[in-house]
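These notes are about the structure you will find just below.
Derivation of every value follows stated rules applied to the coordinates shown; laboratory data play no part. Bear in mind the structure is a predicted one, so any value in this text is a computation, not a measurement. Positions of Cβ are generated from backbone atoms using ideal geometry, with glycine treated the same way; all protein chains shown enter the neighbour counts.
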Amino acid sequence: MAFPDAVTDAWHMVALASDIRPGAVRKVMLCNTPIALFRSASGLGALIDRCPHRNYPLSRGRVENGALTCPYHGWRFAMDGTCVEVPGCPAAALPQSKLAAQALRVIERHGAVFVTLNGSAPDEPDLPPDVGNPDLDHFWWQHGTWQGRAFDAIENVMDPFHTGHLHHGFIRRRDRRLPVKLVVSSHGDSIEMAIEQDAPDLGIMSRFLERDRQRSISRYYPPTIVQARWQGRAGLTLCVTAIFTPATDGSFTPFARFSTRKGLAPGWLKQAAIRLFLAPVVAQDRKALGLQHAVMTHFGHPQFAEGPGDILGSRLHRLWSGHRLSPGVDDGVMAEL
Ligand code: FES
Ligand SMILES: [Fe+2]
């Protein structure tokens, strides 16, 4: 199964910048393409993880004098893929058209490393508001590569109806649901769902992290980003920017950036509290997405019944596939979450 062009052609976050220290080489998967990511003294390089000589994985190589050395015969490749040395042969005899490795565009922003497989992608990754806002405290979270489809993970975070059931006690409660109003707005190139409620959720996460929630908004920025913002009377309480990088057809690498207002509590304390409460919720979603994917794989394809709570309908998938939505606001939907 291939990804839509809108997915393959985008910029994708593939690593935390702090994980690619000078001299490090790391293999990452992006849309079924293995990539050798490395950092030399002069910056980041990203090469397709396939030595052009005899197809040894370049990600097993070492960074030496600003170039990546293939462990098999020792050919050396600069960050732009140029073959700068074939050991034992004169440098003058290096016809680049035949010997170069395939380089990808790579960029570092806000502590994250982005790569694109598309030579004509825009100059910069398009990121949602506040990801780089210096007035907020931020930290990145990552937890390996998960089984499941990136798209199903996006649908999971945009779906409030599983939070009381799967995450019973942590986010909401299945035995004491609260009345809410759900309002969906389509913005052409994105879609958002606002949840309006009078009282905070009854799960322990809300009790510790927010006092006076009035509104939470989740917005999908295709192809791979969902940003959720929680607002209380005093303004923004918490902003989570979740990025679901497709690794293969059946796996994805999630990253999340947590942003909070400065001054409420020290950054390290907020980070520790969020990580503590996040761990069980993340484990529940990871398990659910893996099991869901195993069933779809067994039956050979997904097959979804649209229930009354699936109010985003096919719109997430249309955006994922590169289509636009007609702008507009749906009638509010009353529900109990
Ligand atoms: S396979 Fe890489 S140098 Fe020969
Ligand atoms: Fe969840």
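Can you list residues from other chains, or at least 5 along the same chain, whose modelled amide H is less than 5 Å from the amide H of A112?
A17
Arranged by the count of other C-beta atoms within 10 angstrom, fewest first, what order do V86, V329 take? Spell out each step's value before the answer.
Numbers: V86 16, V329 12.
In order of increasing Cβ crowding within 10 Å: V329, V86.
I need the fraction of alpha carbon pairs in the chain separated by more than 24 Å, rounded to a whole percent.
Values: 33712 of 56616 pairs.
That tail contains 60 percent of the Cα-Cα pairs.
Using a Förster distance of 22 angstrom, determine the FRET efficiency expected from the C-beta separation of A41 and A93, and round it to 0.05.
0.20
What dipole magnitude, in Debye to the nearest 20, does the range 59-218 give about its Cα centre under +1 on Lys/Arg Cβ and -1 on Asp/Glu Cβ?
Working: 17 positive and 21 negative charges, 137 e Å.
Here the size comes out at about 660 debye.
Let me know the charge dipole size of the range 50-135 about its Cα centre in debye, to the nearest 20, where only the beta-carbon of Lys, Arg (+1) and Asp, Glu (-1) is charged. Write down the numbers at each step before the final one.
Numbers: 8 positive and 9 negative charges, 152 e Å.
The dipole magnitude comes to about 740 debye.
Please give the peptides 290-297, 248-255 ranked by average Cβ packing (other Cβ atoms within 10 Å per residue), highest first, as a rough proxy for protection. Write out the running numbers ahead of the final one.
Details: 290-297: 14.8, 248-255: 20.5.
The packing order, highest mean first, is 248-255, 290-297.
What order do you get for L319, L236 when you list them from fewest to most C-beta neighbours inside 10 Å? Don't skip to the answer; put the middle values down first.
Values: L319 24, L236 15.
Exposure proxy ranking, most exposed first: L236, L319.
How much net charge surrounds H293 when only other residues with a Cβ under 9 Å from its Cβ are counted (Lys, Arg +1; Asp, Glu -1)? It would help to have the intermediate numbers written out before the result.
Numbers: positive: R149; negative: D152.
Surrounding charge for H293 is 0.
Evaluate the charge dipole of the chain about its Cα centre and quote only its size in Debye, nearest 20, assuming +1 on the Cβ of each Lys and Arg and -1 on the Cβ of each Asp and Glu. Before the final figure, lay out each step's value.
On the way: 36 positive and 32 negative charges, 198 e Å.
In debye, rounded to 20, the chain gives about 940.
Using θ = phi - 60° and the Karplus relation 6.51 cos²θ - 1.76 cosθ + 1.60, list the HN-Hα couplings for the range 168-179 in order, rounded to whole Hz, with x at every Gly or Pro.
For the range 168-179, the Karplus-derived couplings read 3, x, 8, 9, 10, 10, 6, 9, 9, 8, 10, x Hz, x marking Gly and Pro.
Arranged by the count of other C-beta atoms within 10 angstrom, fewest first, what order do D135, D9 take? If you can, show how the numbers build up before the last one.
On the way: D135 9, D9 17.
Starting with the residue having the fewest Cβ neighbours, the order is D135, D9.
Can you tell me the orientation of helix 267-299 relative to the chain, as the angle in degrees between its alpha-carbon axis and the longest Cα principal axis, to the nearest 10?
Relative to the chain, helix 267-299 is tipped by roughly 80 degrees.
Would you grab the residues whose amide H sits under 5 Å from the one on F170? Only those 5+ places off in sequence or on another chain, please, with H modelled 1.01 Å from N.
I204
Give me the net charge for the shell around L68: Cβ to Cβ below 14 angstrom, other residues only, Lys and Arg +1, Asp and Glu -1. Let's see the in-between values first.
On the way: positive: R26, K27, R39, R50, R60, R62, R76; negative: D49, E64, D80, E85.
Overall, the nearby charge balance is +3.
For the range 136-336, what does the relative contact order come out to in percent, with C-alpha contacts under 8 Å and a separation of six or more? Let's see the in-between values first.
Details: 370 pairs, mean separation 63.2, N = 201.
Relative contact order comes out at 31 percent.
Could you tell me the ratio Rg/Rh of the range 136-336? Both radii from Cα atoms, Rh via Kirkwood. Can you show the working numbers first?
Numbers: Rg = 16.6 Å, Rh = 17.6 Å.
The Rg/Rh ratio comes out at 0.94.
Enter the mean projected area of the convex hull around the alpha-carbon atoms of the range 5-116, in nm², rounded to one decimal. It would help to have the intermediate numbers written out before the result.
On the way: hull surface 28.0 nm².
Orientation-averaged projected area of the Cα hull: 7.0 nm².
Using Cα pairs under 8 angstrom and six or more residues apart, how large is the relative contact order of the range 239-337, in percent?
Numbers: 36 pairs, mean separation 12.5, N = 99.
Once normalised by length, the contact order is 13 percent.
What is the sum of charges, Lys and Arg at +1 and Asp and Glu at -1, for the other residues whose Cβ falls under 13 Å from the Cβ of Q102? Please report the intermediate quantities before stating the final value.
Numbers: positive: R50, K98, R105; negative: D49, D80.
Charge balance in the 13 Å sphere: +1.
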